[in-house]
Structures are given as structure tokens and as C-alpha cells.
Amino acid sequence: MGVMDASVRGVFFTTSAGGAVPAVLLNLPSGKTLPIYIGLWEAISINNALNDDLLPRPGTHDLFVAMLESYGITVRGLTIDDLRDGVFYATLASSREEGEESLDCRPSDGIAIALRAGAPIAIEEVVAEKAGVEEEELPDFVDLSTYLS
């Protein structure tokens with residue numbers, strides 16, 4: 001098994017017994033969708049990156065990417081590489097003159113960083129097979145912009 005490219009469809013909210021829950025939806029080459037439930041601030045950060053919304057001051061993910069760039073580090077990509085007990089795991093790959101590095105990260109942070117850096121997002125095929133769902137199986141989602149208005 002290998003990895004497959006994924007693209008970010010957007011940030012959405014769905015409701016549960018506990019209230020509104022944000023999720024980032026990834027489109028998979030198979031036509032399935034991978035929902036990843038995330039925190040509110042990560043949802044806003046990903047949404048800002050998708051819409052090229054610049055804040056008056058840099059947010060955490062903006063600062064992180066700017067710091068990497070100032071040290072000559074390039075973000076090469078994010079791979080969502082594991083799913084254990086309902087929790088997704090990811091690795092953020094970077095490079096600089098001295099070589100390459102891979103760091104464990106939360107998928108939500110990795111997506112926010114990869115989008116800002118223009119880096120690809122991939123998913124291990126086995127994770128996509130386990131967690132990818134057909135469109136009709138998704139709960140009712142409302143776009144973040146609609147939810148916040």
C-alpha cells in the first residue's frame with residue numbers, strides 16, 4: 001500500500017449531542033470523502049488559509065510557516081498516515097540544505113501549515129480505506145462561513 005493525494009474540500013460544522021462540531025473534509029481520488037473532526041481555532045485557521053484571508057497580525061500557523069521560511073526550511077508535504085482508536089495521525093515533511101526532516105503533528109495543524117506553504121496533502125491508502133466515506137453516508141454539514149454568519 002502507498003499514499004494517495006487528497007485535497008481539502010473545506011471546513012464545515014455538524015451537530016451532535018454535544019453541540020456543533022467542526023470538521024475539515026478531504027476529497028479522495030476514490031470519490032470518497034474523509035471527515036476529520038477538529039478544534040474550532042484550527043477550523044478557522046484552515047478556512048482562512050483556503051480563502052487567503054489575511055489577519056491584521058499573524059496567527060500561529062502563519063508565524064510557524066514564516067519562521068520556517070526565515071530559517072531556509074521548506075514544507076514538502078503532509079501525510080495523514082495512521083488512524084488509531086478514532087484519532088488520526090500525520091507527519092509533516094520538510095527540507096533544508098542539511099537534509100530532510102519528518103515531524104509528528106496533528107492533522108489539523110499540518111493541514112493549516114501545508115495550505116499556507118503550498119505543500120501537497122496525502123493520505124495513506126489504508127487510512128483512506130478505513131475512514132473514507134461515500135457522500136450519502138456523511139452527516140449533514142454546514143459550511144463554516146454559513147455557520148458563523
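The values are calculated or read from the model by the stated rules, or taken from the named source; none is laboratory data. Please read these numbers as outputs of a predicted model, since none were measured by experiment. Cβ: placed from backbone, ideal geometry, glycine included. Neighbour counts: every protein chain shown. Side chains are part of the model used for accessible areas, which takes the heavy atoms of the whole protein and leaves out ligands, DNA and RNA. Shrake-Rupley method; radii C 1.70, N 1.55, O 1.52, S 1.80 Å.
Of the residues making up region 103-127, those that are assigned to a strand (DSSP E or B) and more than 14 Å from GLU42 (Cβ to Cβ) are LEU103, ASP104, ILE121, ALA122, ILE123, GLU124.
Enumerate the pairs (first residue in region 84-102 and under 17 Å from ILE38 (Cα atoms) and in a strand (DSSP E or B); second residue anywhere and open to solvent by 40 Å² or more (accessible area, probe 1.4 Å) and of a type in the set (Lys, Arg)) with beta-carbon separation below 7 Å, excluding pairs fewer than 6 apart on the same chain, so at least 6 apart or on different chains. As it stands, the answer is ALA90/ARG106, since those pairs meet every condition given. Restricting attention to region 84-141, the residues that are under 15 Å from ARG9 (Cα atoms) and in contact with a Lys or Arg (Cβ under 7 Å, 6 or more places away or on another chain) add up to 3.
Results for (1) open to solvent by less than 50 Å² (accessible area, probe 1.4 Å); (2) farther than 27 Å from ASN51 by Cβ; (3) at pLDDT 95 or above, shown as yes or no for each residue.
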| residue | (1), (2), (3) |
| --- | --- |
| SER94 | yes, no, yes |
| GLU98 | no, yes, no |
| ASP104 | no, yes, yes |
| SER108 | yes, no, yes |
| PRO120 | no, no, yes |
| ILE123 | yes, no, yes |
| GLU136 | no, yes, no |
| TYR147 | no, no, no |
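Please specify each residue of region 61-81 satisfying the condition of being surrounded by fewer than 13 Cβ atoms within 10 Å (Cβ to Cβ) and hydroxyl-bearing (Ser, Thr, Tyr). Hits for region 61-81 are SER70, TYR71. Within region 24-50, the set of residues being part of a helix (DSSP H, G or I) and under 11 Å from the mean Cα position of the chain (by Cα) comprises GLU42, ALA43, SER45, ILE46, ASN47, ALA49, LEU50.
Please find, among ARG76, ARG9, the residue that is closer than 16 Å to LEU138 by Cα, modelled with pLDDT of 95 or more, in a strand (DSSP E or B) and charged (D, E, K, R). Exactly one of ARG76, ARG9 is closer than 16 Å to LEU138 by Cα, modelled with pLDDT of 95 or more, in a strand (DSSP E or B) and charged (D, E, K, R), namely ARG9. Filtering region 1-54 to residues that are among the aromatic types (Phe, Trp, Tyr) and either open to solvent by 60 Å² or more (accessible area, probe 1.4 Å) or on the phi > 0 side of the Ramachandran plot (or both) leaves TYR37, TRP41.
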